[in-house]
């Protein structure tokens, strides 16, 4: 029987993995430069965590989660996103006692049962970060700065920041009543999702994938025009900080994000390149989430970006990822005694952190040389009985054909200097 990868999953092959390694390294370095440390969370959690954390009216919870009962009869869900799991870990591990803000980043796989399309998979990868403990807009601006610096370090262009405020529970409750009054004459002609959201969470109707482009939704009252004084001041503080840093932005009143836990600041980084338009990174503040998941009231903010979408955008923009030459030299052996010596040389070089290769297939000398020429390995050395007697080898640079004589005991030092 021939097996295939499941729909919505994809193998990341050795020929492409270096692009992932580069993105992961840059993201990690940028996060560390801001003082964020890595956290690794389980792949699955109690289903209730996501129902409470993500929101039981969201598409993620109602339509897209991979949920099953384990052998103990417990409802378990593969994580559809990272924030809820990090919040659970923050509470369970007593991180509230750490100096604030507590700042963490992650690199995870996530799972959502949704329609497969370019840049959208059922098993997908996310870079994300979360910060807990700071109430003011300064941390909002810093979170946005992390993403902005990352995109610049990777080399992406034409990535635009859009920001909005969706208020606190107080001003949002008033706004929801306003939305109900506005949508009430139209709700019967809207999709089933919007009809269900009308009573539970009318704000989500603004973000509807089906009705979102309709005139009735486009003309709905804007929450940003009905913020309370505290939320207005917070949003003005965010804009002031972004202006001070020099990060350009556009205010987009239609950003509400797809998860229920957001409060106040929400934002997206969007590609404006023809053919690849779409959100690459999204996030916002969630001041009630920790308490909703059983912790003490704690302000929080974070973002996540899809790595598949990021790399697709980088490829479309022609961003080059340099492939590291981890293997520096190929040794071709001309005798069994030479092959034994090559094995010892390779072992020593690898202990020193220098990658090397030699024949493992019983190839003839001619076949070894042919393999070395096609491999892309930058240096070649041929070892036979004469080299064993002299204790010296010739090392050839494959790029220009130049050769140098090097003592066998000094091969490591020679390659280190190259």
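The values are calculated or read from the model by the stated rules, or taken from the named source; none is laboratory data. These numbers were taken from a predicted model, which means no experiment stands behind them. FYI the Cβ positions are ideal-geometry reconstructions off the backbone, even for glycines, and counts take in every protein chain you see.
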Flagged in region 28-51 as out of contact with any helix residue (DSSP H, G or I) (no Cβ under 6 Å at 6 or more places or on another chain) and assigned to a helix (DSSP H, G or I), in numbering order, are 28, 29, 31, 32, 33, 47, 48
Given the conditions (1) under 22 Å from residue 29 (Cα atoms); (2) at pLDDT 95 or above; (3) surrounded by fewer than 21 Cβ atoms within 10 Å (Cβ to Cβ), every one holds for residue 129 apart from (3)
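What tally of residues in region 144-201 results from selecting those that are in a helix (DSSP H, G or I) and closer than 26 Å to residue 129 by Cα?
Step one: list which residues in region 144-201 are in a helix (DSSP H, G or I), which gives 144-154, 169-183, 187-189, 192-200.
Those still in the list that are closer than 26 Å to residue 129 by Cα too: 144-154, 169, 172.
Residues meeting the conditions: 13.
Can you work out which of the residues in region 69-81 that are surrounded by 12 or more Cβ atoms within 10 Å (Cβ to Cβ) and part of a strand (DSSP E or B) is nearest to the chain's Cα centre (by Cα)? I'd like the intermediate steps shown before the answer.
Step one: filter region 69-81 for residues surrounded by 12 or more Cβ atoms within 10 Å (Cβ to Cβ), giving 75-81.
So of that shortlist, the ones also part of a strand (DSSP E or B) come out as 75-78.
Values: 75: 27, 76: 24, 77: 20, 78: 17 Å.
Per the criteria, the residue is 78.
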By residue number, the members of region 213-235 that are within 29 Å of the chain's Cα centre (by Cα), under 15 Å from residue 164 (Cβ atoms) and surrounded by fewer than 15 Cβ atoms within 10 Å (Cβ to Cβ) are none
When you look at residue 140, is it buried (at least 21 other Cβ atoms within 10 Å of the Cβ), in contact with a helix residue (DSSP H, G or I) (Cβ under 8 Å, 6 or more places away or on another chain), modelled with pLDDT of 95 or more and in the same structural domain as residue 237 (by TED's automatic domain parsing), yes or no?
yes
Filtering region 331-372 for residues that are without any contact (Cβ under 8 Å) to a residue 12 or more places away in the chain and in contact with a strand residue (DSSP E or B) (Cβ under 8 Å, 6 or more places away or on another chain) leaves a count of 1
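Quick one: count up the residues across region 393-406 that are over 25 Å from residue 324 (Cα atoms) and surrounded by fewer than 16 Cβ atoms within 10 Å (Cβ to Cβ).
Taking region 393-406 and keeping what is over 25 Å from residue 324 (Cα atoms), we get 393, 405.
Filter once more, keeping what is surrounded by fewer than 16 Cβ atoms within 10 Å (Cβ to Cβ): 405.
Selection size over region 393-406: 1.
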Expected single match for surrounded by 13 or more Cβ atoms within 10 Å (Cβ to Cβ), within 30 Å of residue 379 (Cα to Cα) and not assigned by TED's automatic domain parsing to the domain that holds residue 398 among 303, 331, 321 is 321
When region 241-251 is checked residue by residue, the ones that are closer than 25 Å to residue 221 by Cα and in contact with a helix residue (DSSP H, G or I) (Cβ under 9 Å, 6 or more places away or on another chain) are 249, 251
Checked pairs for region 38-53, first touching a residue at least 40 places away in the same chain (Cβ under 8 Å) and in the same structural domain as residue 107 (by TED's automatic domain parsing), second surrounded by 12 or more Cβ atoms within 10 Å (Cβ to Cβ) and part of a strand (DSSP E or B), C-beta under 6 Å and 6 or more apart or across chains, list as 38/105; 39/104; 39/106
request  = Would you be able to say whether some residue in region 154-164 is more than 24 Å from residue 278 (Cα to Cα) and under 16 Å from the mean Cα position of the chain (by Cα)?
outcome  = no
